[in-house]
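Each remark here refers to the structure printed beneath this line.
The values are calculated or read from the model by the stated rules, or taken from the named source; none is laboratory data. Keep in mind that what you see is a predicted model, and the values were worked out from it rather than measured. Backbone-built Cβ (ideal geometry, glycine too); neighbour counts: all protein chains shown.
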Amino acid sequence: MTRTWPLDWDSRKLGVGCHLCADLTGRSFHSGRISEALLEQQAIAVGHVAVVFRGRHVAAFVDLAPEELADYWADVQEVGRAVERVFTPCHVNYLLLGNIVPHLHVHVVPRYLDDAAPERPLPWTTTPVPDDVFADQVRRLKDAIA
């Protein structure tokens, strides 16, 4: 068998050097019950948000206690509703991946009637959001979730 995953994968899963374990409140537009919601400035779609589990390093949702799981998914739902109110997409995808950063986070990805891959997953091609537009989007999300 030829290894294709990075050599440091096992240590990443343990949280070694995990940037999502840091205090994210300064980057977050919403602190939920057990998560931080971050608007992505390098977004695959307008309004792309990551909802990051906080409190300790958890690589997979199967590692959560039942009450943590309930609180986390309630946070994801709350953020998803705010994304729907602010960006009015035709659909929203909820992606639980962890292929690069194995720290529990869900990508909330709005889909639009004119997007690049109707009825299919979007390609993971990011577009930088200009600072002024990003700041306005953060403000609108904060207002929508308050």
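List of remarks:
- Test: residue in segment 44-66 that is modelled with pLDDT under 95, in contact with a strand residue (DSSP E or B) (Cβ under 8 Å, 6 or more places away or on another chain) and exposed (fewer than 14 other Cβ atoms within 10 Å of the Cβ): no
- Contact annotation: no residue pair with Cβ atoms under 9 Å, 6 or more positions apart or on different chains, pairs a residue in segment 39-65 that is of a type in the set (Ser, Thr, Tyr) with a partner that is surrounded by 24 or more Cβ atoms within 10 Å (Cβ to Cβ) and at pLDDT below 95.
- Of the residues making up segment 132-146, those that are touching a residue at least 60 places away in the same chain (Cβ under 8 Å) and either surrounded by fewer than 17 Cβ atoms within 10 Å (Cβ to Cβ) or over 18 Å from the mean Cα position of the chain (by Cα) (or both) are Phe134, Lys142.
- Scanning segment 112-122 for any residue that is in contact with a strand residue (DSSP E or B) (Cβ under 6 Å, 6 or more places away or on another chain), of a type outside the set (A, V, I, L, M) and without any contact (Cβ under 8 Å) to a residue 60 or more places away in the chain turns up nothing.
- Screening Ala60, Ala74, Ala65 for residues that are over 29 Å from Asp10 (Cβ atoms) and among the aliphatic types (A, V, I, L, M) leaves exactly one candidate, Ala74.
- Residue count, segment 88-146 (criterion: assigned to a loop (DSSP other than H, G, I, E, B) and among the aliphatic types (A, V, I, L, M)): 10
- Within segment 28-39, one or more residues are crowded, with 18+ Cβ neighbours inside 10 Å and more than 18 Å from Asp143 (Cβ to Cβ).
- Filtered by the rule that a residue be closer than 25 Å to Ala70 by Cα, among the basic types (Lys, Arg) and assigned to a loop (DSSP other than H, G, I, E, B), segment 1-57 gives Arg27, Arg33, Arg54, Arg56.
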